[in-house]
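Any read-out appearing in this document is the output of simple, stated calculations on the displayed coordinates, not a laboratory observation. Note that the structure is a prediction, hence the values are computed from the model and not measured. Here Cβ is always computed from backbone atoms with ideal geometry, including for glycine, and neighbour counts include all displayed protein chains.
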Amino acid sequence: MTNQAQPVRLRRSDSFLGIHFDFHAGPDCTEIGKNVTEEMVESIIDQVRPDYIQVDCKGHAGFASYPTKVGTPAGGFVRDALRIWRDVTARNGVALYMHYSGVFDFAACKGHPQWAAVDANGVPNEDKTSVFGPYADELLIPQLMELRREYGVDGVWIDGECWATCVDYSPMALKAWRQAGHSEEPPREAKDPLWPAWLAFQREGFRNYVRRYTDRLHAFDPQFQIASNWAFTSFMPEPVSADVDFLSGDYSPADSVNVARFEGRCIAPQGKPWDLMAWSFNSAGEQCFTTKSLPQLQREAAMVLSLGGGFQAYFSQNRDASVNLWKMKLMGEVAKFCRARQPFCHRAVPVPQIALLNSTADHYRRSNSLFTNGEYRAIRGTLQALLGSQNCVEILSEHHLAGRMKEYPLIILPELVYIEPSLRADLLAYVENGGSLLVIGPVAAGMFQRELDVELLAKPATDRRWLEHDGWLGGLVTTCQKAKLGPGAQAFGTLHETNTPDSPACPAASIATHGKGRIAAIYFNFGDQYAQSSTATARRFLGALVRRLFPTPIVEVAGSQFVDVTVNRIGGKLAVNLVNTAGPHDVPTVAVFDEIPPVGPLNVTIRTGKKPSSVTLQPAGAKLDFDFTDGCVRLVLPQLAIHDIIVVEP
């Protein structure tokens, strides 16, 4: 009997769809493998047909859910579940990745307290290891080598990484601080002048930790594929500086549409293969998790697909490492939804339209922690308002915009508190050469007073104001500042002191010409306010101001505010993604909903310049009737259910 060659498994760079399982094994798990069978794994693969599967091997508790000879095994094993996962995935051509908790490891800290991070009071952390210590060399790297050598796993998705790393005063960290040339004692509180330098040193410690294990593992086996969960994403808005093979993160089970909108735009421009992981379950504050509905998870996938990324969903394993197969009917249908859209979405490239700046320098300067995505309310609020007016938006940092500013008709700075002088100079040169710049917030506007031709009066203060636009007033509680406009500045919108149009007022925004371009500012913290309490007046105000600065976007959609528009190029074609955002997806008391109200009819205008050979609606494959005048395709889409793509053939 001859051995048949196993089918080729896709590398992560070519993968599109996956499924993730974990259960963070502990001492209570004494029957691991009891209900794990080849038939169970075959059933999952038959229903979902994923490119890869991720399964648990070590969670935050630090106990291995396979019979390790390197680390700390969980309570007990009936059979080797990981061997079953590997055997079945290999013969089906499905890649297998490990869910492995890195920095976050309770068992490692308990068994090796000298590996733990230490707080400012000298107390060792109970479950967070020091990135300056021997944890990676003595456990993480040997254990991942074991998994590759003994099981032939394809790679690892390392959890509990940047977001779990804490400010560390361990002897190893203090030694590294001195070796870096610092003679001063490290600061113990954020008000110390040395605090920014201390945080920068700690962040570099994490980067070096990731570099250490990626370099060692790739030297051991160049084919082994590695991601550090949430590294080089919104948590770390900076260039990729470690040899990770792909970027990934699991986004919040609640408010998932808004989170996926934001996180996908932060990770997409980083130049690496990427995917985002949705949680397949949610709760409404009671910690009683319930499985999401099919349309709910389909739309979460659509948010990711429309940005060109891969998608995976997280389902929990039981304490014996088995899986509840009834949930796979959900993932199977989600997989069909995704696969139908794959040819028109995966690895698509966005058409430059609006760049919303996520400044690396500003983010790290305002943050008192190491790596967090909790400082983004202003950007997220601005993004949601822009998308609610059907604008196409990318979120870009300094390293993305360097040398590329002229590609974007509009750049928006959302409520910065700091700007690097070099970035300010580049932005002004961009405007002088014909670009449009919108600066939001009084602090950020203060950095451009001369170019705006305004004088900011008094100091920024938080108060109640009423924004007037197009005959309507909308209430705000926000930080604002009065601006005295010079002759070169034109007022846009009005801020009133009371909810009446004849109350004392000042300009809400202004626009000025600068060189060949235009620069505008909003004199209140728009995004921070909108994220907390949105109004139609605020959304329309920002949409109208954007249209004044950028009057000819490549795509315009009218008929509903509940449509996200993303314009990509793929295979030489233009792909206009439309995602329906209607329904209670952001209501905190609603954990699961099973209906997304359709929107439409939608009037769509696409500026192509030349008449296309055909326009089709995908994935249905239906040809769309359209008019072509003045270089524009004009059509009506009768209804949008969840996610459709208008594909324009050149």
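With the dipole of the chain worked out from charges on the C-beta (+1 for Lys and Arg, -1 for Asp and Glu) around the Cα centre, which of Ile596, Val70, Pro134 lies farthest toward the positive end? It is Ile596. The value of relative contact order for the stretch 1-155, using C-alpha pairs under 8 Å at least six residues apart, is 24 percent. Among beta bridges identified by DSSP and lying wholly in the stretch 352-552, the antiparallel ones come to about 65 percent. With contacts taken as Cα pairs under 8 Å at a separation of at least 6 residues, the stretch 525-650 carries a relative contact order of 26 percent. Close amide H contacts of Phe281 (hydrogens built in the peptide plane, cut-off under 5 Å, sequence separation of 5 or more or a different chain): Lys292. This model, with +1 at the C-beta of Lys and Arg and -1 at the C-beta of Asp and Glu, gives the chain a dipole about its Cα centre of some 1280 debye. When only Cα pairs below 8 angstrom with a gap of at least 6 residues are kept, the chain shows a relative contact order of 11 percent. Among the trypsin sites (Lys or Arg not before Pro) in the stretch 550-628, those located in a DSSP loop and surrounded by at most 10 other Cβ atoms within 10 Å of their own Cβ are Lys610. For the chain, the longest principal axis of the C-alpha atoms and the axis of helix 81-91 are separated by about 70°.
For the chain, DSSP calls about 60 percent of its internal beta bridges antiparallel. Karplus-based coupling profile of the stretch 437-454, in residue order and whole Hz: 10, 10, 10, 10, x, x, 5, 5, 4, x, 7, 10, 4, 5, 5, 6, 6, 9, with θ = phi - 60° in 6.51 cos²θ - 1.76 cosθ + 1.60 and x standing for Gly or Pro. Taking the Cα atoms only, what angle lies between the long axis of helix 195-220 and the longest principal axis of the chain, rounded to 10 degrees? Long axis of 195-220 versus the principal axis of the chain: about 50 degrees.
Modelled spin-label separation between Arg347 and Glu455, with each label point placed 7 Å from Cα along the Cα-to-Cβ direction: 5.8 nm. What aspartates and glutamates could a cross-link reach from Lys573, if we take a straight Cα to Cα line under 13 Å and drop same-chain neighbours fewer than 8 places away? Lys573 reaches Glu649. Relative to the longest principal axis of the C-alpha atoms of the chain, give the angle of the C-alpha long axis of helix 377-388, reported between 0 and 90° and rounded to the nearest 10°. On a 0 to 90 degree scale, this one is about 70. Listed by chain and number, the lysines whose alpha-carbon sits under 17 Å from that of Lys406, ignoring those within fewer than 8 places in the same chain, are Lys516. For a paramagnetic label modelled on Ser422 (point 7 Å from Cα along Cα→Cβ), amide N atoms under 16 Å away belong, within the stretch 197-241, to 238-240. Shown here for the stretch 120-223: GluC sites (Glu not before Pro) in loop regions (DSSP other than H, G, I, E, B) with at most 10 other Cβ atoms within 10 Å, namely Glu189. Sites listed here are trypsin sites (Lys or Arg not before Pro) in the stretch 349-415 whose DSSP assignment is loop and whose Cβ has at most 16 other Cβ atoms within 10 Å: Arg404. Between Arg634 and Arg91, the distance separating the two model label sites (each 7 Å from Cα on the Cα→Cβ line) works out to 6.2 nm. Selection among Phe201, Tyr213, Val257 by position relative to the dipole of the stretch 201-293 gives Phe201 as farthest towards the positive end (Cβ unit charges, Cα centre). Give me the percent of DSSP beta bridges within the stretch 16-250 that run antiparallel, rounded to the nearest 5. For the stretch 16-250, the DSSP antiparallel bridge percentage is about 15.
Estimated from helical segments only, the mean residue ellipticity of the chain at 222 nm is -8500 deg cm²/dmol, where each DSSP H run of four or more residues counts as -39500 (n - 2.57). Shape class for the stretch 556-649: prolate, because the ratio a/c of the largest to smallest gyration tensor axis (alpha-carbon atoms, square roots of eigenvalues) is 1.5 or more and a/b beats b/c.
In the chain, taking the dipole from charged Cβ atoms about the Cα centre, the farthest positive-side position among Pro414, Ser101, Gly18 is held by Pro414. Exposure proxy ranking for Trp195, Trp157, based on other Cβ atoms within 10 angstrom of each Cβ and starting from the fewest, stands as Trp195, Trp157.
Site pair Asn318 and Arg178 shows an inter-label distance of 5.5 nm when each label is modelled 7 Å from Cα along Cα→Cβ.
Separation of the stretch 204-232 and the stretch 11-26, taken as the distance between their Cα centroids, equals 17 angstrom.
For the pair Trp472 and Ala620 in one chain, pulling the backbone fully straight at 0.36 nm per residue adds 49.2 nm over the alpha carbon distance.
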